[in-house]
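The values are calculated or read from the model by the stated rules, or taken from the named source; none is laboratory data. Just so it is clear, the model here is predicted, and its values are computed rather than measured. Because the Cβ atoms are built from the backbone with ideal geometry, glycine has one as well, and the counts that use them run over all protein chains shown.
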Amino acid sequence: MAGGTLQNTGVDGAAFAGLRHRLLFPSWLTIGVLLVIPVLLMLVYSFLTKEFRGGVVWEFSLAAYDQFFFDRGLFGDEPVKIEWTYINIFIRSIVQASLATVFCLLIGFPTAYYIATRPASSRAIWLFMITVPYWVNLLIRTVSMKFLIRDTGPLNHWLMQAGLISEPFHIINTNIAVQLGLFYSYLPFMVLPIYAAVERFDFALVEAAHDLYANRWTTLRRILIPVVRPGVIAGCILVFVPSLGAFLAPDLLGGAKNFMIGSLIEEQFRGSAGNWPFGAAASMILLSLVLLVLMYYARSESRRP
């Protein structure tokens, strides 16, 4: 029918295909200028040499990657040891991002399910309530949380007034504070994809499962979760990836002892005395990890029946 329509209107199919590629040109141009070229520049910088007074020397080497993984002493003449400082920061980032993803999933899934099962007339209000705090800049929200959870902040004041604690509970500059910041920053990224998946779910399947004497847990595990699995995975990726490279929450809420890989990279590019090749190398290592996660997801999805 489509071919007949093209013939009836006198439009050649090959010409239409060429026009379709031309229409994609603005998107490809945007991706190339704002994504591909910066990543390629970062890759090139990761293989350059740091100048002693700052900046880079256009001499290609693996010094930045060597600095990330190995410790050769102050003057480079000591026996090679594994550089656990940066590796531990990387591991901490993975753990924090994973925990943020788990917590967002535990809260986001029932929230999305609740919103999707409300009457159609009230769903927009619930979605508005979920997203309206995120109209405010992330920096402002993170600083506000810092004032909220500090030792003399409202949270400790309310807990002490309620008699739940006798002295301020120290949260700021801890891993707990970083986790709270990540959770608060990226929770909607979990709720919205799951909501979209649950909204399209056919609840007649739940009724059929109940007719076959399946309890609620069995229905959730065998019927609902497998159907909305793409939304759950999409939400997990949308939370894990930005949490892995976050630097506002670690900087403002975690302090120097709770560095994450995003904070490490940001510090290397700060000012003219930063180590740009090392920051670029750390960025490429982070990018490689993200690509591995996405490739694993794509491969697992392709194997699904």
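Please work out if R150 is under 30 Å from F201 (Cβ atoms), without any contact (Cβ under 8 Å) to a residue 24 or more places away in the chain and touching a helix residue (DSSP H, G or I) at 6+ places or on another chain (Cβ under 9 Å). Reasoning before the result, please.
Working: under 30 Å from F201 (Cβ atoms): no; without any contact (Cβ under 8 Å) to a residue 24 or more places away in the chain: yes; touching a helix residue (DSSP H, G or I) at 6+ places or on another chain (Cβ under 9 Å): yes.
It is false that R150 is under 30 Å from F201 (Cβ atoms), without any contact (Cβ under 8 Å) to a residue 24 or more places away in the chain and touching a helix residue (DSSP H, G or I) at 6+ places or on another chain (Cβ under 9 Å).
Against the definition (in contact with a helix residue (DSSP H, G or I) (Cβ under 9 Å, 6 or more places away or on another chain), crowded, with 18+ Cβ neighbours inside 10 Å and either β-branched (V, I, T) or at negative phi (or both)), how does A208 come out, yes or no? Don't jump to the end; show me each part of the working.
Working: in contact with a helix residue (DSSP H, G or I) (Cβ under 9 Å, 6 or more places away or on another chain): yes; crowded, with 18+ Cβ neighbours inside 10 Å: no; either β-branched (V, I, T) or at negative phi (or both): yes.
Criteria not met by A208.
For segment 192-211, check the following and say yes or no: at least one residue is closer than 30 Å to G153 by Cβ and in contact (Cβ under 8 Å) with a residue 60 or more places away in the chain. Give the steps one after another, and end with the answer.
In the first step, residues of segment 192-211 are kept if they are closer than 30 Å to G153 by Cβ; the result is 192.
Subsequent filtering for residues that are in contact (Cβ under 8 Å) with a residue 60 or more places away in the chain retains 192.
Checked against the condition, which is being closer than 30 Å to G153 by Cβ and in contact (Cβ under 8 Å) with a residue 60 or more places away in the chain, segment 192-211 yields at least one hit.
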When segment 73-108 is checked residue by residue, the ones that are assigned to a helix (DSSP H, G or I) and basic (K, R) are R92
Close pairs (6 angstrom Cβ cut-off, 6 or more residues apart or separate chains): more than 20 Å from F68 (Cα to Cα) in segment 91-105, surrounded by fewer than 24 Cβ atoms within 10 Å (Cβ to Cβ) and aliphatic (A, V, I, L, M) anywhere
A97/L244; C104/L187
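Matching residues to (1) surrounded by 17 or more Cβ atoms within 10 Å (Cβ to Cβ); (2) touching a residue at least 24 places away in the same chain (Cβ under 8 Å); (3) closer than 24 Å to R53 by Cα:
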residue: A249; (1), (2), (3): yes, yes, no
residue: G254; (1), (2), (3): yes, yes, no
residue: I265; (1), (2), (3): yes, no, yes
residue: P277; (1), (2), (3): yes, yes, yes
residue: A282; (1), (2), (3): yes, yes, yes
residue: L286; (1), (2), (3): yes, yes, no
residue: L292; (1), (2), (3): no, no, no
residue: Y297; (1), (2), (3): no, yes, no
Just wondering, is there one or more residues in segment 156-170 that are within 26 Å of the chain's Cα centre (by Cα) and buried (at least 17 other Cβ atoms within 10 Å of the Cβ)?
no
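From the list I94, I87, pick out the single residue that is within 29 Å of V44 (Cβ to Cβ), loosely packed, with under 14 Cβ neighbours inside 10 Å and within 27 Å of the chain's Cα centre (by Cα).
Details: I94 fails: loosely packed, with under 14 Cβ neighbours inside 10 Å.
None of the other options fit; the residue is I87.
Quick one: would you say A120 is among the small types (G, A, S), at pLDDT 90 or above and either under 29 Å from the mean Cα position of the chain (by Cα) or at negative phi (or both)?
On the way: among the small types (G, A, S): yes; at pLDDT 90 or above: no; either under 29 Å from the mean Cα position of the chain (by Cα) or at negative phi (or both): yes.
Judged against the criteria, A120 is not a match.
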